[in-house]
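Comments concern the structure below.
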Amino acid sequence: MTESVKLSDPVSVIVPTGMLGAGVNRTQIQYGLRRGASAIAVDSGSTDSANPSNATCRS
């Protein structure tokens, strides 16, 4: 049996950068936290950046 959970408060997420490792601006993080952010998220990037021929087993 599954239960539905209704959140009574909104969840705010800040995304300070487009990819992990690019660095973040401390001031922007502090601003987001002051505004009530519940979480901080970043994209870790793609894992498929290799040469396309690798996927087809052709050289």
Exercise for review: When a/c is below 1.5 the answer is rounded, else prolate if a/b is larger than b/c, else oblate, so apply that to segment 1-44 with a ≥ b ≥ c taken from the square roots of the Cα gyration tensor eigenvalues.
Suggested key: oblate
Check your understanding: Which whole-Hz couplings ³J(HN,Hα) result when phi for each residue of segment 6-19 is put into the Karplus expression 6.51 cos²θ - 1.76 cosθ + 1.60, θ = phi - 60°, listed in order with x for Gly and Pro?
Key -> 9, 7, 8, 10, x, 10, 10, 10, 10, 10, x, 8, x, 8
Check your understanding: So between ASN25 and SER12, what do we pick up on full extension, going 0.36 nm a residue minus the alpha carbon distance?
Key -> 2.8 nm
Study note, to complete from the structure: Karplus-derived 3J(HN,Hα) from phi for segment 31-39 (6.51 cos²θ - 1.76 cosθ + 1.60, θ = phi - 60°), whole Hz, x at Gly and Pro, runs 4, x, 5, 4, 7, x, 4, 8, 8
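A short reminder: the numbers here are calculations on the coordinates, not readings from a lab. Predicted, not measured: the structure shown is a model, and the values here were computed from it.
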